[in-house]
């Protein structure tokens with residue numbers, strides 16, 4: 001027996017490339033997005049009562065992850081990318097049906113001309129992600145204080161993030177243009193150390209990610225046994241003409 005899943009909407013996100021997206025939802029609370037719905041799923045009546053919920057489950061498709069065959073073992077970033085685990089013991093996108101599940105904060109429900117869209121934050125969703133369903137988060141049923149996961153028992157430790165004077169000026173300018181608190185968003189993202197964990201922090205190596213229409217570039221600094229990130233530039237991406 002086969003089933004067909006029909007997307008009900010799409011995510012418009014600050015994350016336009018996969019590199020740098022938080023590895024779990026809730027780790028970058030400043031990350032905001034909008035979920036737009038396709039007819040007939042955008043009817044305001046379908047969202048009646050949802051504003052009484054602070055958080056949502058979003059079911060989606062990893063649309064930019066393409067696999068040709070089932071892989072029973074994967075290399076989770078949490079384990080440094082050098083160890084393998086069974087795919088069903090991870091949240092890796094390399095799944096039989098490429099389905100994802102994230103908890104996000106519902107900022108507000110917007111109703112315009114009888115149609116609804118959702119404004120969310122704390123997400124880990126790539127721009128253009130197809131949404132399969134949303135469900136309210138129910139604290140008494142979904143929050144289980146006794147639950148354990150010894151593979152990932154706690155959030156990753158954050159590393160310090162600083163900005164060069166030029167990057168800070170650019171960040172403030174572009175944040176004003178976008179209407180986005182850009183500095184805390186970048187700090188939350190880079191504080192999680194998005195480099196592949198098998199790579200040793202190297203001050204000579206330059207990293208970059210695309211955020212909104214911006215190219216955010218950084219390198220690592222080392223002080224004894226401590227390392228951190230310095231953002232060196234926040235430039236608008238130049239789109240080639242023609």
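Every number here is computed from the coordinates shown, using simple stated rules; none is lab data. All values reported here derive from a predicted model rather than from experimental measurement. We place every Cβ from the backbone using ideal geometry, glycine too, and count neighbours over all the protein chains shown.
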Name the shape class, rounded, prolate or oblate, that the alpha-carbon gyration tensor gives for the chain, where a ≥ b ≥ c are the square roots of its eigenvalues, rounded holds for a/c under 1.5, and otherwise prolate holds if a/b is larger than b/c and oblate otherwise.
oblate
Would you calculate, for the chain, the mean residue ellipticity at 222 nm contributed by helices, counting each DSSP H stretch of 4 or more residues as -39,500 (n - 2.57) and dividing by all residues, to the nearest 500?
-3000 deg cm²/dmol
Candidates 141, 89, 46, ranked by Gaussian network fluctuation over the chain, Cα under 10 Å, top entry:
141
If I model a spin label as a point 7 Å beyond the Cα along the Cα-Cβ vector, how far apart are those points for residue 48 and residue 198 in nm?
5.5 nm
Across the alpha-carbon set of segment 77-143, Rg over Rh with Rh taken as the Kirkwood radius works out to 1.05
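Classify segment 113-197: rounded, prolate or oblate, from the alpha-carbon gyration tensor (a ≥ b ≥ c, eigenvalue square roots; a/c under 1.5 rounded; otherwise prolate if a/b is larger than b/c)? Show your work: numbers first, answer last.
Working: a/c = 2.56, a/b = 1.22, b/c = 2.11.
Because a/c hits 1.5 or more and a/b fails to exceed b/c, segment 113-197 counts as oblate.
Mind pulling up the Rg/Rh value for segment 189-236? Radius of gyration and Kirkwood radius, both on Cα. Each step should come with its number before you reach the end.
On the way: Rg = 11.0 Å, Rh = 11.3 Å.
Across segment 189-236, the Cα-based Rg/Rh ratio is 0.97.
Would you mind classifying segment 99-242 by shape? Square roots of the alpha carbon gyration tensor eigenvalues, ordered a ≥ b ≥ c; an a/c under 1.5 is rounded, otherwise it is prolate if a/b is larger than b/c and oblate if not.
Details: a/c = 2.22, a/b = 1.23, b/c = 1.81.
Since a/c reaches 1.5 but b/c is at least a/b, the shape of segment 99-242 is classed as oblate.
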What is the order of 209, 1, fewest Cβ neighbours within 10 Å to most?
1, 209
Please report the spacing between the Cα centers of segment 1-35 and segment 77-154 in Å, no decimals.
8 Å
Top mean-square fluctuation among 165, 145, 184, Gaussian network model of the chain, C-alpha springs under 10 Å?
145
What per residue convex hull volume, in Å³, comes out for segment 9-142 when only alpha-carbon positions are used?
123 Å³
For the residues 151, 120, what sequence is obtained by ranking on other C-beta atoms within 10 Å, fewest first?
151, 120
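Ranking 237, 229, 103 by Cβ neighbours within 10 Å, fewest first, what do you get? Before the final figure, lay out the partial values.
Details: 237 11, 229 25, 103 16.
So the ranking, lowest neighbour count to highest, is 237, 103, 229.
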In a Gaussian network model over the chain where Cα atoms closer than 10 Å are linked, find which of 202, 193, 133 has the largest mean-square fluctuation.
202
